[in-house]
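Below is one structure, written out as structure tokens, with a few remarks after it.
Just so it is clear, none of the values below were taken in a lab; they were calculated from the coordinates. A quick note: this is a predicted structure, and the numbers were derived from the prediction, not measured. FYI the Cβ positions are ideal-geometry reconstructions off the backbone, even for glycines, and counts take in every protein chain you see.
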Amino acid sequence: VAVVTSQGATAEYTVEGTTYAPEGNIHDESGKNHSLSTALIRTAEISALCNDSKVVYTADKKTYNSVGEPTEAALKVLVEKIGNPCPQLTESLPSLTPEKRSSAVSNKYESDLPRLLTFEFSRDRKMMSVLVKRKEGLGSLLVKGAPEAILDRCTSVQVDNVVVPLTTGARQAILFKMASYNQSGLRTLALAYADKHDLDVSHYTSKSTADYGRFEQNLTFVSLVGMMDPPRPEVRDAVAQCKAAGIRIICITGDNKGTAEAICRQIGILEPNEDTKDKSYTGRQFDDFSPEEKMEVVKRAKVFSRTEPSHKLQLVELLQQSGQVVAMTGDGVNDAPALKKADIGVAMGSGTDVAILASDLVLTDSNFATIEKAVEEGRLIYNNTKQFIRYLISSNIGEVVSIFLTVLLGMPEALIPVQLLWVNLVTDSLPATALGFNPPDHQIMRVPPRNSREALVGPWLFFRYMVIGIYVGCATVFGYAWWFMFYEGGPQISWYQLTHFHSCASQFPEIGCQMFTNEMSKSATTMSLSILVVVEMFNAMNSLSENESLLVLPLWRNPFLVGAIALSMALHVGILYIPFFTNLFAINPLNWAEWKAVLFISFPVIFIDEGLKFITVSLKPGPSLIFSDIWLAGDNG
């Protein structure tokens with residue numbers, strides 16, 4: 001708290017405490033506890049009466065909490081720490097219960113100074129005021145608002161216990177202290193008053209809030225209050241993560257330019273020593289630009305201060321016109337138009353109902369860091385959807401290729417319908433479902449936003465599906481041919497004989513044509529079925545990530561997928577070795593030599609997909625400047 005001294009300089013009082021608890025002393029620059037000067041009493045009066053918030057004690061949590069605007073609640077705490085000149089109240093404070101102590105001093109000021117009229121805050125005046133009645137029958141207009149706006153209307157200043165004219169030197173000292181507070185990231189308010197002899201509220205009627213200004217003239221400056229509203233510790237990291245993800249963050253606030261820039265440096269929107277020229281603008285400066293200049297400004301600006309609701313809407317529209325995908329945060333009634341206009345309107349859970357209804361997304365914890373988590377979760381859902389589609393399409397392409405190849409080559413059916421149904425409905429469905437639980441890639445928040453008009457499955461991705469699918473189909477058919485042509489326990493017939501089995505009886509009956517319909521055929525079909533199942537399990541492993549290698553993102557990062565693959569294999573082994581199912585599916589059990597061949601033929605799908613991932617990462621384009629995302633962080637951001 002800064003007040004003006006008799007020498008025309010400013011004296012500062014430091015308020016202890018960082019919570020809403022009415023605990024902590026106020027001491028001057030020498031470290032001594034404060035005495036109740038008129039300036040401090042006036043500060044307490046204005047802080048208590050120009051206020052619609054309150055501080056309450058929550059017994060079950062044993063904490064003091066705010067109800068209403070946090071800034072106004074902080075002023076209520078200041079009132080409790082300043083105290084009241086009534087000795088009886090001061091003596092009773094230590095014995096009060098926490099519930100009563102939370103607002104005892106404020107209640108005393110409110111009972112001594114009944115409110116007659118309130119001139120609510122408006123952005124054009126940048127202040128609010130209340131008309132109160134004093135015991136001596138006079139009245140006072142108590143004013144709270146932006147320092148520069150109030151100082152313009154002040155003609156005098158409270159110095160200790162007297163009122164003196166506001167000199168140029170005192171005005172400069174106040175402005176210097178305000179600049180100092182702003183550079184420290186403090187939210188700064190000025191408190192002032194004007195004595196009024198007319199207490200007839202009918203004489204204060206106005207057509208609009210702009211008319212209130214004619215009553216708020218010839219004010220007496222009382223004090224400058226600087227409040228630290230520190231960003232949550234996790235916000236800086238969230239901003240850094242958003243930047244790395246190609247998301248540009250713009251701060252739009254009603255705060256003073258210096259305060260806005262200081263806070264933006266704290267959370268990383270501005271670099272510590274970054275030049276704010278062409279990066280930071282006030283609402284008034286923005287209004288002075290032509291439409292063409294405004295379009296250029298929004299392409300480079302990072303901070304907009306002293307803004308009004310119309311500025312937020314303009315900024316959203318300009319950014320959308322430049323091809324950006326825009327998200328807007330807000331919590332007030334005045335934020336509703338911009339929230340509605342933005343591609344993604346994000347309301348704070350503690351915000352007004354109007355803002356919440358106008359938005360697309362509500363942050364129940366009112367924490368900006370949650371946005372970064374939501375972006376990551378959204379990207380993860382999108383990626384997992386693609387992996388689910390990739391697994392099913394590539395696997396189904398493999399099944400189609402296997403059927404097509406056997407017909408094209410003139411071979412017997414490698415798979416019968418009931419076996420294909422088993423693979424599609426049972427063994428495939430478990431890993432496909434588990435892919436929905438894939439963990440995020442390590443680089444998920446290190447890649448630029450995708451083009452919103454980009455297809456879910458592009459040409460290159462479809463090519464990858466085709467490569468994997470063709471291998472799956474070829475491996476399935478090759479397993480069938482391997483059993484007939486090369487397996488030591490098989491008939492070891494020639495390629496010609498296998499692909500011309502329909503002519504077996506007329507061209508080469510000596511090989512025993514019944515092999516294409518008896519138990520030998522079942523064993524060859526079992527090889528095809530087993531290869532199809534195993535290669536699709538390896539394909540599910542590949543689907544853990546679109547572009548990250550299994551060496552970087554190993555299988556065990558998704559325990560659900562591990563369990564799904566294990567269960568699918570257990571079911572497949574069950575139908576191979578349980579007699580009822582071997583008859584049902586027309587298959588035979590496999591021996592160890594056949595299992596080794598199954599693994600040998602299936603495993604190369606891992607290497608093929610790893611190679612495709614490497615090519616994808618190597619050819620990946622850089623960040624898109626046109627389709628990047630924009631987050632507009634409002635006053636709550």
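What is the set of long-range amide H partners of Phe119 at a cut-off below 5 Å, with H atoms built 1.01 Å from backbone N?
Sorted by chain and number, the residues that satisfy this are Ser129, Val130, Leu131.
Using θ = phi - 60° and the Karplus curve 6.51 cos²θ - 1.76 cosθ + 1.60, what whole-Hz ³J(HN,Hα) does each residue of the range 329-345 get, with Gly and Pro shown as x?
Couplings: 9, x, 9, x, 4, 5, 7, 4, x, 5, 4, 5, 6, 4, 4, 9, x Hz.
Could you line up Tyr181, Tyr204 from fewest to most neighbouring Cβ atoms inside 10 Å?
Working: Tyr181 25, Tyr204 18.
Result, fewest neighbours first: Tyr204, Tyr181.
Would you compute the Debye intensity of the range 1-95 from its alpha-carbon atoms alone, equal scatterers and no solvent, and pass along log10 I(q)/I(0) at q = 0.10, 0.13, 0.17 Å⁻¹ to two decimals?
-0.29, -0.48, -0.81
Give me the net charge for the shell around Leu421: Cβ to Cβ below 13 angstrom, other residues only, Lys and Arg +1, Asp and Glu -1.
Charge balance near Leu421 sits at -2.
Which whole-percent values make up P(r) of the range 2-228 when all C-alpha to C-alpha distances are grouped in 5 Å steps starting at zero?
It works out to 1, 7, 14, 19, 20, 18, 12, 6, 2, 1, 0, in whole percents.
List the residues whose amide H sits under 5 Å from the amide H of Ile252, counting only those 5 or more places along or on another chain, with H placed 1.01 Å from N in the peptide plane.
Phe304, Ala633, Gly634
Determine the distance separating the Cα centre of the range 396-449 from the Cα centre of the range 1-61; give it in Å without decimals.
Between the Cα centre of the range 396-449 and that of the range 1-61, the gap is 69 Å.
Which are the unpartnered cysteines of the chain, meaning those with no other cysteine Cβ under 4.7 Å from their Cβ?
Cysteines lacking a close Cβ partner in the chain: Cys50, Cys86, Cys154, Cys242, Cys251, Cys264, Cys474.
Read phi for every residue in the range 109-121 and hand back ³J(HN,Hα) as whole Hz from Karplus 6.51 cos²θ - 1.76 cosθ + 1.60, θ = phi - 60°, with x for Gly and Pro.
4, 5, 6, 6, 10, x, 6, 9, 7, 10, 9, 5, 5
Nearest 20 debye, what's the magnitude of the dipole of the range 2-228 about its Cα centre given +1 on Lys and Arg Cβ and -1 on Asp and Glu Cβ? Show your work: numbers first, answer last.
Values: 25 positive and 26 negative charges, 42 e Å.
Dipole of the range 2-228, to the nearest 20 debye: 200 debye.
Under the classification rounded if a/c is under 1.5, otherwise prolate if a/b is larger than b/c and oblate if not, where does the range 388-432 fall, given a ≥ b ≥ c as square roots of the Cα gyration tensor eigenvalues?
On the way: a/c = 4.68, a/b = 1.69, b/c = 2.76.
Oblate is the answer for the range 388-432, as a/c is 1.5 or above yet b/c matches or exceeds a/b.
Taking the Cα centre as origin and putting +1 on Lys and Arg beta-carbons and -1 on Asp and Glu beta-carbons, what dipole magnitude results for the range 382-618, to the nearest 20 debye? Present the calculation step by step, with values, prior to reporting the outcome.
Details: 10 positive and 14 negative charges, 128 e Å.
Computed charge dipole of the range 382-618: roughly 620 debye.
What whole number of Å gives the distance from the Cα centroid of the range 584-620 to the Cα centroid of the range 353-376?
Centre-to-centre distance over Cα atoms comes out at 44 Å.
By how many nm would the segment from Asn33 to Asp211 grow when fully extended, if each residue of separation counts as 0.36 nm and the alpha-carbon distance is taken off? Could the numbers behind the result be given before it?
On the way: separation 178, 0.36 × 178 = 64.08 nm, distance 4.16 nm.
Additional length available on full extension: 59.9 nm.
Of all trypsin sites (Lys or Arg not before Pro) in the range 241-283, which ones are in loop regions per DSSP and have a Cβ with at most 15 other Cβ atoms within 10 Å?
On the way: sites: Lys243, Arg248, Lys257, Arg265, Lys277, Lys279; in loops: Lys277, Lys279.
Loop-located and lightly packed - Lys277.
Using a 10 Å cut-off around each Cβ, can you sort Thr525, Thr616 from fewest to most neighbouring Cβ atoms? Intermediate results must be reported in sequence, preceding the final value.
Values: Thr525 23, Thr616 14.
Listing Thr525, Thr616 from fewest to most nearby Cβ atoms yields Thr616, Thr525.
Got a sec to turn the phi values of the range 43-51 into Karplus ³J(HN,Hα) couplings, 6.51 cos²θ - 1.76 cosθ + 1.60 with θ = phi - 60°, whole Hz, x for Gly and Pro?
4, 5, 4, 5, 5, 7, 8, 7, 7
What angle, in degrees between 0 and 90 and rounded to the nearest 10, separates the Cα long axis of helix 604-618 from the longest principal axis of the Cα atoms of the chain?
Once rounded, the angle reads 40 degrees.
Compute the long axis of helix 519-542 from its Cα atoms, compare it with the longest principal axis of the Cα atoms of the chain, and write down the angle in degrees, 0 to 90, nearest 10.
Rounded to the nearest ten degrees, it is 20.
What net charge do the residues around Asn588 carry, taking every other residue with its C-beta under 10 Å from that of Asn588, with Lys and Arg at +1 and Asp and Glu at -1? Working shown, then result.
On the way: positive: Lys522; negative: Glu519, Glu594.
Once all neighbours under 10 Å are counted, the net charge is -1.
Given a cut-off of under 8 Å on Cα pairs at least six residues apart, what relative contact order in percent is computed for the chain? Provide the component values of the computation, followed by the final result.
Values: 1100 pairs, mean separation 75.3, N = 637.
Reported as a whole number, the value is 12 percent.
What are the trypsin sites (Lys or Arg not before Pro) within the range 22-70 that DSSP puts in a loop, where the Cβ has at most 10 other Cβ atoms within 10 Å? Can you show the working numbers first?
Numbers: sites: Lys32, Arg42, Lys54, Lys61, Lys62; in loops: Lys32, Lys61, Lys62.
Those satisfying the criteria are Lys32, Lys61, Lys62.
Which one, Met127, Trp482, Val4, is farthest towards the positive end of the dipole of the chain when Lys and Arg carry +1 and Asp and Glu -1 on their Cβ?
Farthest towards the positive end: Val4.
Would you please give the residues with an amide H less than 5 Å from that of Cys154, counting only those at least 5 places away or on a separate chain, with H modeled from the backbone geometry?
Amide H neighbours of Cys154: Leu219.
With point charges of +1 on the Cβ of Lys and Arg and -1 on the Cβ of Asp and Glu, referenced to the Cα centre of the chain, which listed residue (Val105, Asn424, Leu405) lies farthest in the positive direction of the dipole?
Sorting the options by dipole projection puts first Val105.
Using only Cα atoms, tell me the angle between helix 168-183 and the longest principal axis of the chain; keep it within 0 to 90° and round to the nearest 10.
Once rounded, the angle reads 20 degrees.
Quickly estimate the mean residue ellipticity at 222 nm for the chain, helices only: each DSSP H run with n ≥ 4 gives -39500 (n - 2.57), and the total goes over all residues, rounded to 500. Don't skip to the end; give the middle numbers.
On the way: 25 runs with 292 residues, N = 637.
Taking each H run of at least 4 residues, the total per residue is -14000 deg cm²/dmol.
Going by how many other Cβ atoms sit within 10 Å of their own, how do Lys312, Lys302, Lys340 line up, fewest first? Provide the component values of the computation, followed by the final result.
Working: Lys312 25, Lys302 20, Lys340 16.
Taking fewest neighbouring Cβ atoms as first place, the list is Lys340, Lys302, Lys312.
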